[in-house]
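The values are calculated or read from the model by the stated rules, or taken from the named source; none is laboratory data. All figures in this text were calculated on a predicted structure; none of them were measured in a lab. A quick note on method: Cβ atoms are made from the backbone with ideal geometry, for glycine too, and the neighbour counts reach across all protein chains shown. Note: accessible area is taken over every heavy atom of the protein model, side chains too, but ligands, DNA and RNA are not part of it. Shrake-Rupley method; radii C 1.70, N 1.55, O 1.52, S 1.80 Å.
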Amino acid sequence: ERRRLRQVLLKHGLTAPMMCYSPDFIQRKPFRLRQEVARQKRAIVATAELGGQFCRVLSGQWKPGVARIDGLAMAADSICECVEFAASQGVCLVLENHYKDSSWEFPEFAQRMDDFLDLLRRIPPGPNFGVNYDPSNAIIAGDDPLVLLEAVKAQVVTMHASDRCLSGITVEDLRRLDHDPREGYAPWLKHGVIGCGSVDYGRIFEVLRSVNFTGWISIEDGVDPADGVIHLRQSAEFLRRQMAAHGIS
């Protein structure tokens with residue numbers, strides 16, 4: 001089926017460069033952890049069969065009672081194994097500074113910048129591992145997107161362009177919500193039209209240009225089906241203007 005889909009993509013002159021998978025490597029039971037690693041590997045195989053170059057990887061949920069040092073070890077060991085497998089498939093595994101998968105009860109283990117950077121340091125650099133940078137996720141984590149980008153810019157190979165405004169809610173409010181199990185995002189955390197939120201894309205593209213970034217940039221926009229296509233067009237036009245202004249192709 002995946003090979004058939006690849007032929008359809010080729011027929012229409014399209015590509016599927018990235019698979020966005022969401023493993024949960026924060027598992028107390030070893031057999032559960034092995035299951036998550038196996039699922040990530042299946043996503044890597046699917047990426048390769050679709051002709052993709054990049055497969056996303058995450059750390060997992062920061063579940064109550066999980067010590068930071070234990071979670072870092074679980075995630076780092078699992079990701080290192082998956083990087084080795086990705087190399088055998090000709091795929092680059094990309095770690096995203098994520099907030100929360102829509103099926104999860106708890107936010108990302110490595111959501112905050114200090115945790116993300118600590119996890120990143122535990123994974124050896126190489127051609128089959130990099131960073132998928134998402135600026136608005138940094139805002140939700142209470143971090144400065146530009147400070148995070150400066151710290152990881154040499155390893156950024158793909159970017160999720162997204163924008164958000166925390167209208168009527170603070171990061172502290174989000175922290176309080178994080179302690180209570182809630183499947184998916186809080187309703188006020190939807191993505192918006194890129195360029196209309198809190199992310200300074202002009203400065204972000206300046207940093208990316210300084211490291212000669214040429215990777216894929218994907219758009220994460222709102223979920224309103226009535227206006228989705230219009231918003232997607234507005235986001236694409238904004239990004240293209242910014243990319244042209246900063247010499248990024």
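Scan segment 101-118 and give yes if some residue there is closer than 22 Å to GLY215 by Cα, open to solvent by less than 60 Å² (accessible area, probe 1.4 Å) and out of contact with any helix residue (DSSP H, G or I) (no Cβ under 7 Å at 6 or more places or on another chain), otherwise no. Yes, segment 101-118 contains a residue that is closer than 22 Å to GLY215 by Cα, open to solvent by less than 60 Å² (accessible area, probe 1.4 Å) and out of contact with any helix residue (DSSP H, G or I) (no Cβ under 7 Å at 6 or more places or on another chain).
Kindly provide the set of residues from segment 225-240 that are without any contact (Cβ under 8 Å) to a residue 12 or more places away in the chain and open to solvent by less than 60 Å² (accessible area, probe 1.4 Å), ordered by number. Talk me through it step by step, then tell me what you get.
From segment 225-240, those without any contact (Cβ under 8 Å) to a residue 12 or more places away in the chain are 225-230, 233, 237, 240; that's our starting set.
Correct list: ASP227, GLY228.
Looking across segment 50-65 at every residue that is touching a Gly at 6+ places or on another chain (Cβ under 9 Å) and of a type outside the set (Phe, Trp, Tyr), the one that is modelled with the lowest pLDDT is identified as LYS63.
Among the residues of segment 170-192, is any assigned to a loop (DSSP other than H, G, I, E, B) and modelled with pLDDT of 85 or more? No, segment 170-192 contains no residue that is assigned to a loop (DSSP other than H, G, I, E, B) and modelled with pLDDT of 85 or more.
Residue count for segment 77-127, restricted to those that are β-branched (Val, Ile, Thr) and under 12 Å from the mean Cα position of the chain (by Cα): 1.
Return a yes/no flag: does segment 66-82 have any residue that is of a type in the set (D, E, K, R), part of a loop (DSSP other than H, G, I, E, B) and modelled with pLDDT of 95 or more. I'd like the intermediate steps shown before the answer.
Kept after step one, since they are of a type in the set (D, E, K, R), are these residues of segment 66-82: 68, 70, 77, 81.
Of the ones still in play, those that are also part of a loop (DSSP other than H, G, I, E, B) are none.
So far as segment 66-82 goes, no, none of its residues is of a type in the set (D, E, K, R), part of a loop (DSSP other than H, G, I, E, B) and modelled with pLDDT of 95 or more.
Quick check on my filter: what residues within segment 208-226 are modelled with pLDDT of 80 or more, within 20 Å of ILE140 (Cβ to Cβ) and not in a strand (DSSP E or B)? GLU220, the sole residue that qualifies. What residue, among those in segment 1-49 that are open to solvent by less than 40 Å² (accessible area, probe 1.4 Å), in a loop (DSSP other than H, G, I, E, B) and within 24 Å of CYS80 (Cβ to Cβ), is modelled with the lowest pLDDT? By that ranking, first place goes to PRO17.
The single condition from (1) at pLDDT below 90; (2) over 20 Å from SER22 (Cβ atoms) that ARG121 fails is (1).
Looking only at segment 86-107, count every residue that is charged (D, E, K, R) and at pLDDT 95 or above and tell me the total. Before you say what the answer is, go through the steps one by one.
Our first condition is that a residue be charged (D, E, K, R); within segment 86-107, this holds for 96, 100-101, 105.
Narrowing the set further to residues that are at pLDDT 95 or above leaves 96.
Count: 1.
Hey, can you tell me all the residues within segment 98-130 that are among the hydrophobic types (A, V, I, L, M, F, W, C) and either in contact with a Cys (Cβ under 9 Å, 6 or more places away or on another chain) or closer than 18 Å to ILE219 by Cβ (or both)? Scanning segment 98-130 gives ILE123, PHE129.
Which residue is nearest to GLY60 (Cα to Cα), if the candidates are limited to segment 104-124 and must be aromatic (Phe, Trp, Tyr) and touching a residue at least 60 places away in the same chain (Cβ under 8 Å)? Checked segment 104-124; the qualifying residue nearest to GLY60 (Cα to Cα) is PHE109.
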